[in-house]
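The values are calculated or read from the model by the stated rules, or taken from the named source; none is laboratory data. Note that the coordinates shown come from a computational prediction; the quantities given were computed from them, not determined experimentally. Cβ: placed from backbone, ideal geometry, glycine included. Neighbour counts: every protein chain shown.
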Amino acid sequence: MSKRTVEYKISRNPEMGTDFMPAQGLMAPTDMVEPRFDSENMLINVGPQHPATHGVLRLILELDGETVVRCEPNIGYLHSSFEKLGEYRTWNQIVTLTDRMDYLAPLIYNCAYVMAVEKVMGLEVTERCKVLRVIMMEMDRIFSHLLWLGTWAIDVGAFTPFLYSFQEREKVYTLHEAFTGARITTSATRVGGLMSDVPEGWTEGVREFATGVIKTLDEVEYLLSTNAIHLGRTQGVGAISAEDAINYGFSGPNLRASGVPYDVRKDRPYYDYETYDFEVPIGEHGDCYDRYMVRMEEMRQSVRILHQALDRLPGGSVNVDDPRVVLPSKTDAMNDMESMIHHFKLIMDGLKVPEGESYFPVEGSKGELGMYVVSDGGSKPIRWRVRPPSFVNLSVIPKLVEGGLLADVIMVNASLDIVLGEIDR
């Protein structure tokens, strides 16, 4: 029986300036895949199917023993073309795309998108809608950080915090489902308001969750912050200065861990965030441990905001009183001719957004999330662009890991808290 031979010869593609490996069908930088028989360096791939990359991320590493000489992130395995799809969807249909970008904090993306559209329209939502959106965004900030906390613990070798944090996440899933009918793909917002008002008892459930999660955070922090293995693997690892963090485009907890007190909620407040009493936690060393501590404290601050928002939640409608923007109730549409006409026009022609453009930034769970929309006066955007925090944060990983150990790559990547649905949008 003849043996099957595999061709490992590397051929040059002069047009693309990269080496193409026919056997694997993958693109990689020239100087990383060239065989160097005079070097002891090793080329390895972490991912794209590896639990420690937290998604379909491929990290090409050149190692000198256990030391990382070079790191090259390789993305695009999950490309879904969200922004292009948006150009063929009506304004409200795009909401269903936003919660699939960061499926770990979907309500934040739901809110950020419609806020950008409402800015173009010059539309002011009701006070009840504003406060409910704040509740939704802060709840999902905790929701996202809890998943990060659980997987962070798994990456460092601790299993118990994973169970604790996911028990709390299940409570948020229940709140998601009670409000939107879905656990992950929430699609809760609409231009001019929300898909519906929250059900009876929902706000009490949010308060119960906000009260109980503090105890869990205290328990998990005790387990991790007193553990010598956790401290040894995170303190002094993946450090970056405040100046470099700014220059590389870091935002969110990763930026604040380097000592930069920038938070969109404080520096460019929206939805009356300037009237809420909360602190912006910052780190000192910009290492993995500081990024861990900043997120732990952020969850406690979000709990403070939740309690304040629940206390000030007013009554009234969650939607603006404008039949050109919001669908009438089913009862009105079936019994009133004028309401039926408004319903027909909105469904058939779609919402009309005046000609213009806007960029609306919010403080997402992973950093500054910006939504940019351009309208030509029609029922669909002619351009939709997302400023994604994870995409920018991931680009810094070579600086953080090169010169460190292979084991440090896992912790550095975990400390950045990325989500590939948003990176490969």
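Looking at 122, 86, just one residue is assigned by TED's automatic domain parsing to the domain that holds residue 313 and either within 24 Å of residue 146 (Cα to Cα) or surrounded by fewer than 22 Cβ atoms within 10 Å (Cβ to Cβ) (or both), and that residue is 122. Residues in segment 189-207 that are over 22 Å from residue 93 (Cβ atoms) and in contact (Cβ under 8 Å) with a residue 24 or more places away in the chain: 198, 202, 203, 205, 206, 207.
Residues checked against (1) of a type in the set (Lys, Arg); (2) in a helix (DSSP H, G or I); (3) assigned by TED's automatic domain parsing to the domain that holds residue 395; (4) under 19 Å from the mean Cα position of the chain (by Cα):
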position: 286; (1), (2), (3), (4): no, no, yes, no
position: 289; (1), (2), (3), (4): no, yes, yes, no
position: 297; (1), (2), (3), (4): no, yes, yes, yes
position: 327; (1), (2), (3), (4): no, no, yes, no
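As a summary of the residue check, residue 269 satisfies the conditions (1) within 23 Å of the chain's Cα centre (by Cα); (2) crowded, with 16+ Cβ neighbours inside 10 Å except for the one numbered (2).
Conditions (1) of a type in the set (Phe, Trp, Tyr); (2) within 30 Å of residue 163 (Cα to Cα); (3) out of contact with any strand residue (DSSP E or B) (no Cβ under 9 Å at 6 or more places or on another chain), marked per residue:
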site	(1), (2), (3)
218	no, yes, yes
228	no, yes, yes
246	no, no, yes
253	no, yes, no
268	no, no, no
273	yes, no, no
276	yes, no, yes
286	no, yes, yes
294	no, yes, yes
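Taking the criterion of being in a loop (DSSP other than H, G, I, E, B) and aliphatic (A, V, I, L, M), would at least one residue in segment 257-274 satisfy it? Yes, some residue in segment 257-274 is in a loop (DSSP other than H, G, I, E, B) and aliphatic (A, V, I, L, M).
Here the condition is being surrounded by fewer than 23 Cβ atoms within 10 Å (Cβ to Cβ), outside any helix (DSSP H, G or I), hydrophobic (A, V, I, L, M, F, W, C) and in the same structural domain as residue 156 (by TED's automatic domain parsing); of 374, 392, 353, 362, it holds for 374 alone.
Considering each residue of segment 268-291, count those that are acidic (Asp, Glu) and farther than 25 Å from residue 149 by Cα, and give that number.
Let us first name the residues in segment 268-291 that are acidic (Asp, Glu), namely 272, 274, 277, 279, 284, 287, 290.
If we keep only those that are farther than 25 Å from residue 149 by Cα as well, we get 272, 274.
Number of matching residues: 2.
The single condition from (1) part of a loop (DSSP other than H, G, I, E, B); (2) without any contact (Cβ under 8 Å) to a residue 40 or more places away in the chain; (3) in contact with a Leu (Cβ under 8 Å, 6 or more places away or on another chain) that residue 321 fails is (3). The residue that is surrounded by the fewest Cβ atoms within 10 Å (Cβ to Cβ), counting only those in segment 206-259 that are of a type in the set (Ser, Thr, Tyr) and closer than 24 Å to residue 135 by Cβ, is 211. Could you list, in sequence order, the residues of segment 395-425 that are on the phi > 0 side of the Ramachandran plot and either surrounded by 23 or more Cβ atoms within 10 Å (Cβ to Cβ) or of a type in the set (S, T, N, Q) (or both)? Selection gives 417 alone. Pairing each residue of segment 177-188 that is closer than 16 Å to residue 112 by Cβ with any residue that is at pLDDT below 95 and surrounded by fewer than 20 Cβ atoms within 10 Å (Cβ to Cβ), provided the two are 6+ apart or on different chains, yields C-beta distances under 6 Å for 187/96; 188/195. Yes or no: residue 310 in contact (Cβ under 8 Å) with a residue 40 or more places away in the chain and not in a loop (DSSP other than H, G, I, E, B)? Yes; evaluated as a whole, the condition is true for this residue. Being in a loop (DSSP other than H, G, I, E, B) and within 13 Å of residue 287 (Cα to Cα) is the filter here, so list the residues in segment 232-249 that pass it. Of everything in segment 232-249, those that are in a loop (DSSP other than H, G, I, E, B) and within 13 Å of residue 287 (Cα to Cα) turn out to be 235, 236, 237, 238, 239, 240, 241. Based on this model, can you work out whether residue 178 counts as more than 16 Å from the chain's Cα centre (by Cα) and not in a helix (DSSP H, G or I)? For residue 178, the condition - more than 16 Å from the chain's Cα centre (by Cα) and not in a helix (DSSP H, G or I) - is not met. The residue of segment 181-209 that is farthest from residue 317 (Cα to Cα), among those that are under 21 Å from the mean Cα position of the chain (by Cα) and among the basic types (Lys, Arg), is 183.
Taken together, 189, 180, 151, 203 contain a single residue that is within 30 Å of residue 413 (Cβ to Cβ), surrounded by 14 or more Cβ atoms within 10 Å (Cβ to Cβ), in the same structural domain as residue 307 (by TED's automatic domain parsing) and not small (Gly, Ala, Ser), which is 151.
Counting just the residues of segment 160-176 that are in contact (Cβ under 8 Å) with a residue 24 or more places away in the chain and touching a Gly at 6+ places or on another chain (Cβ under 6 Å), which one comes out farthest from residue 322 (Cα to Cα)? Per the criteria, the residue is 165. Just one of (1) over 18 Å from residue 109 (Cβ atoms); (2) within 22 Å of the chain's Cα centre (by Cα); (3) at pLDDT 90 or above trips up residue 98, so point out which. So residue 98 meets the others, but not (1). Taking the criterion of being under 18 Å from residue 193 (Cα atoms) and crowded, with 20+ Cβ neighbours inside 10 Å, the residues of segment 272-319 that qualify are 309, 318, 319.
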